[in-house]
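Take a look at the structure set out below.
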Amino acid sequence: IHQARWMTWDGEMGADCLKSLNCACRILGEPIGNRSSREDTLRAAAEIVSHGADLLVFAGGDGTARDLLDAIGDAIPVIGIPAGVKMQSGVFASTPERAGELLTRLIDGGLVSAVRRDVKDLDETALRKGEVRPRYFGELLVPELGGYLQHTKERGREVESLAVNEIVADVVERLALEECPIVLGPGGTLFEIKHALDLNATLLGFDVWQQGRQLGADVDAAWLLAEIQTAIVVLSFTRGQGFLIGRGNQQLSADFLKRVGRDALWVVGTRTKLGSLEGRALLLDTDDPELDRRFSGLIEVTAGYEDRLFHRVSSIA
């Protein structure tokens, strides 16, 4: 956990714990009174997200989970360390040790699934009548330990062709719901997605699709800047090296990436391909250090049908 950069609230809301572990941390604020309150939790969570955190770790129970749902929604993933008296929600690790294992896996580049889990709390009115009746309040984005899926395995290993077929089905289904232009990058998996969209596809270039028609084939950086104001950008990464942006896709200029923003990136890749990185981050090299910093952090990688993993993105510097 010492490899992570920590942001926290002062005192018992995080700083005391991190200091006891000799973890350097940036303190963004402090509780209003002597004891932390719901308002402190709401304010701290929103502030931490606004400062660019990739993951929020909290200790508490269902009430705290509800507060975070109100404060940040699914803006970033959360890991709940079970420490409350009511534990109906699915956002908590089974034990504090399990939460630590998740953090280690994320830092080390292991397989970590991105899932949404229910936030529940007991109905207080029913509880006063002696009835245990959980109420559903929404969902938070949660990392969970992930491995290889049974239906894409053979002899204990992922069959990449099956995983690619699942990625294609997932991405094509989601793209059908989008109205903006779709910029599709190079690579074998992207080539299969392009074929599924009936594009005149290029293997090593960028092609652009929008609602059933091809807007551009093998386009360059100047074309993207001139023609595209907002878009979804679907990318994969180089096997073994892990380059996501900067090598093999010079068409994505820093100016274009600033225009569309980090949330526009959809990253695809099989578990086997992620495994080829041996824990290393996906790499950025946009020739703009500040942009590389803004685009770094955790990102979701589509690894199958309705199957997402978290992986780190980092500048080469």
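The values are calculated or read from the model by the stated rules, or taken from the named source; none is laboratory data. Please read these numbers as outputs of a predicted model, since none were measured by experiment. Note: ideal-geometry Cβ built from the backbone for every residue, glycine included; neighbour counts use all protein chains shown. Note: areas computed on protein heavy atoms with side chains; ligands, DNA, RNA excluded. Shrake-Rupley method; radii C 1.70, N 1.55, O 1.52, S 1.80 Å.
Taking region 224-277 as the range and being of a type in the set (Val, Ile, Thr), over 21 Å from VAL168 (Cα atoms) and either open to solvent by 40 Å² or more (accessible area, probe 1.4 Å) or under 16 Å from the mean Cα position of the chain (by Cα) (or both) as the test, only THR230 passes. If you go through region 1-15 and keep only what is open to solvent by less than 90 Å² (accessible area, probe 1.4 Å) and either free of Cβ contacts under 8 Å to residues at least 24 places away in the same chain or outside any loop (DSSP other than H, G, I, E, B) (or both), you end up with TRP6, MET7, THR8, TRP9, ASP10, GLY11, MET13, GLY14, ALA15.
Within region 282-311, the residues that satisfy the criterion of being within 12 Å of LEU244 (Cβ to Cβ) and surrounded by fewer than 20 Cβ atoms within 10 Å (Cβ to Cβ) are ASP285, SER296. Screening GLU173 on (1) in contact with a Phe, Trp or Tyr (Cβ under 9 Å, 6 or more places away or on another chain); (2) crowded, with 16+ Cβ neighbours inside 10 Å shows it passes everything except condition (2).
Taken over region 156-189, the criterion of being without any contact (Cβ under 8 Å) to a residue 12 or more places away in the chain and over 23 Å from ALA264 (Cα atoms) is satisfied by GLY156, VAL159, SER161, LEU162. Among residues that are modelled with pLDDT of 95 or more and under 20 Å from LEU106 (Cβ atoms), LEU18 is not included.
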